[in-house]
Amino acid sequence: MERKMSGRKIILVIDDEKEIPELIKLYLSDLNVEIYSAYDGVEGVKLYKELMMKKKKPDLVVMDLNLSG
């Protein structure tokens, strides 16, 4: 059974290798998603807080667990 997504989903990608968020955007471009990218942990936390303040809670956070900083 195929499950349909309701509404536009929000994905936050945090990775210090800029190619990774770009690849994720490329792979998911046909889906009904908004993708936000941050390139270090500090920027990722800041962006997460900004999204939460705008009532745009991410449905998925993809993060490099070996980020520097």
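At pLDDT below 95, surrounded by 11 or more Cβ atoms within 10 Å (Cβ to Cβ) and of a type in the set (Val, Ile, Thr) - does that describe any residue in the range 7-22?
Yes: the range 7-22 contains one or more residues that are at pLDDT below 95, surrounded by 11 or more Cβ atoms within 10 Å (Cβ to Cβ) and of a type in the set (Val, Ile, Thr).
Taking the range 53-62, which residues are of a type in the set (A, V, I, L, M) and more than 13 Å from the chain's Cα centre (by Cα)?
Scanning the range 53-62 gives a single hit, MET53.
Within the range 23-69, count every residue that is assigned to a strand (DSSP E or B) and among the hydroxyl-bearing types (Ser, Thr, Tyr).
2
For the range 51-69, what are the residues that are over 20 Å from GLY7 (Cβ atoms) and either without any contact (Cβ under 8 Å) to a residue 40 or more places away in the chain or loosely packed, with under 15 Cβ neighbours inside 10 Å (or both)?
Residues satisfying the conditions are MET63, LEU65, ASN66, SER68, GLY69.
The values are calculated or read from the model by the stated rules, or taken from the named source; none is laboratory data. It should be emphasised that the depicted structure is a prediction, and the values quoted were computed from it without experimental measurement. When we count neighbours, we look across all protein chains shown, and the Cβ atoms used for this are built from the backbone with ideal geometry, even at glycine.
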